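Asker: First, the structure itself, so that you have it in front of you.
The values are calculated or read from the model by the stated rules, or taken from the named source; none is laboratory data. Just so it is clear, the structure is predicted and the values come from calculations on it, not from any experiment. Because the Cβ atoms are built from the backbone with ideal geometry, glycine has one as well, and the counts that use them run over all protein chains shown.
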Amino acid sequence: MNQESTNQLNRDQLIEMNKLIDQVAKKQLLDFGKISTEIKPDGTLITSCDRWSDDFIVKGISRITNNQEGVLSEEGSKLVPNTKAFWVVDPLDGTTNFAAGIPHWGISIARFVNGTPESAFLDIPALEKRIIAIRGKGVWINGKAIDLERKSYSKSECVSLCSRSINVLQEMQDHSFPGKIRLLGVSSLNMTSVAIGQTFGALEATPKIWDIAAAWLILSELNCIIKWLDVDPSSLKAGENLSSTNFPLLTAISKTDLEKLLPWSNILMEKIYPKINLKF
């Protein structure tokens, strides 16, 4: 692959990626709500469809990139690949919802170049929604470009919390939380809800790199603010094992909205990561 193709996927590769995701989405819809779960060593759930999806996506990426770009995936290698361009894959983000027949789960894939996402694919099969982002070019939902200012017109009063971050509500009972709480149970969808104006902010306590990779670029391309509360994922090093690394974050549509939620993110970090001395 030449320098230009390494920096950016070409048209044929984008077409092939969409076809690949189509096949994975079709398989997942067939298994949706009809498959049993197992418990992984880290306590999270997995199904045979997670494993099939991961294997199919990883092999597909290798074919599309002529085996020139490494892959880090939730169900596969957790090591940061030693290639200039590499991929981060969450084959089925939201396994609990998927197995329970709740139509909120996603296929999350991001391609990194020089340490940050260059392209992102987030598919929500049950909702027939596919979000694609390309660094410096924007974001599309089902092929229609999102207006960069669309989020500015959002009147949403909702905030997305993850199951672990909701505990902050018990710590400041004498203060009203600055939004109506929504829990989708899927990190990538919680974050993306901010980017498309469904919520004005989101707080994630313990997301892994595969949870945030695609949503990170979608948020960035729509000028949303991301505050990394501990580890900044742009500082990843080749060979680093990310199996147990969390990337807690706060994201919001605007600086004003971020400031509304900062006290709650402080509480979150004090409770979950007490050794970190945070100053905002």
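Asker: Here is a list: Leu29, Leu9. Which entry is surrounded by fewer than 16 Cβ atoms within 10 Å (Cβ to Cβ) and either in contact with a Lys or Arg (Cβ under 9 Å, 6 or more places away or on another chain) or more than 22 Å from Ala133 (Cα to Cα) (or both)?
Answerer: Within the list Leu29, Leu9, the selection yields Leu29.
Asker: Tell me, which strands (runs of 3 or more DSSP E) wholly within the stretch 199-264 include 1 or more residues that are within 14 Å of Ser188 (Cβ to Cβ) and in contact with an Asp or Glu (Cβ under 7 Å, 6 or more places away or on another chain)?
Answerer: The qualifying strands (runs of 3 or more DSSP E) are 249-252.
Asker: Identify all residues within the stretch 113-150 that are closer than 24 Å to Leu72 by Cα, surrounded by 17 or more Cβ atoms within 10 Å (Cβ to Cβ) and either more than 13 Å from the chain's Cα centre (by Cα) or assigned by TED's automatic domain parsing to the domain that holds Ala215 (or both); write none if there are none.
Answerer: Val113, Glu118, Pro125, Arg130, Ile134, Arg135, Val139
Yes/no matrix, rows are residues, columns are (1) of a type in the set (Lys, Arg); (2) touching a Pro at 6+ places or on another chain (Cβ under 6 Å); (3) over 15 Å from Ile131 (Cβ atoms):
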position: Arg164; (1), (2), (3): yes, no, yes
position: Leu169; (1), (2), (3): no, no, yes
position: Gln173; (1), (2), (3): no, no, yes
position: Phe177; (1), (2), (3): no, no, yes
position: Leu183; (1), (2), (3): no, no, yes
position: Val186; (1), (2), (3): no, no, no
position: Asn190; (1), (2), (3): no, no, no
position: Ser193; (1), (2), (3): no, no, no
position: Gln198; (1), (2), (3): no, no, no
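Asker: If the requirement is being surrounded by fewer than 17 Cβ atoms within 10 Å (Cβ to Cβ) and in contact (Cβ under 8 Å) with a residue 60 or more places away in the chain, which of these qualifies: Ser36, Ser48?
Answerer: Ser36
Asker: Considering only residues of the stretch 247-262 that are under 22 Å from Asp211 (Cβ atoms) and in contact (Cβ under 8 Å) with a residue 60 or more places away in the chain, which is surrounded by the fewest Cβ atoms within 10 Å (Cβ to Cβ)?
Answerer: Ile253
Asker: Hey, could you check the stretch 122-166 for residues that are in contact with a helix residue (DSSP H, G or I) (Cβ under 6 Å, 6 or more places away or on another chain) and assigned to a helix (DSSP H, G or I) and say which is modelled with the lowest pLDDT?
Answerer: Result: Ser165.
Asker: Now, a different point. Name every residue in the stretch 167-198 that is closer than 21 Å to Ser108 by Cα, touching a helix residue (DSSP H, G or I) at 6+ places or on another chain (Cβ under 6 Å) and in a loop (DSSP other than H, G, I, E, B), in order of residue number.
Answerer: Passing the criteria: Leu184, Gly185, Gly197.
Asker: Can you tell me which residues in the stretch 115-143 are of a type in the set (D, E, K, R) and farther than 13 Å from Asp93 by Cβ?
Answerer: Those that are of a type in the set (D, E, K, R) and farther than 13 Å from Asp93 by Cβ: Glu118, Glu128, Lys129, Arg130, Arg135, Lys137.
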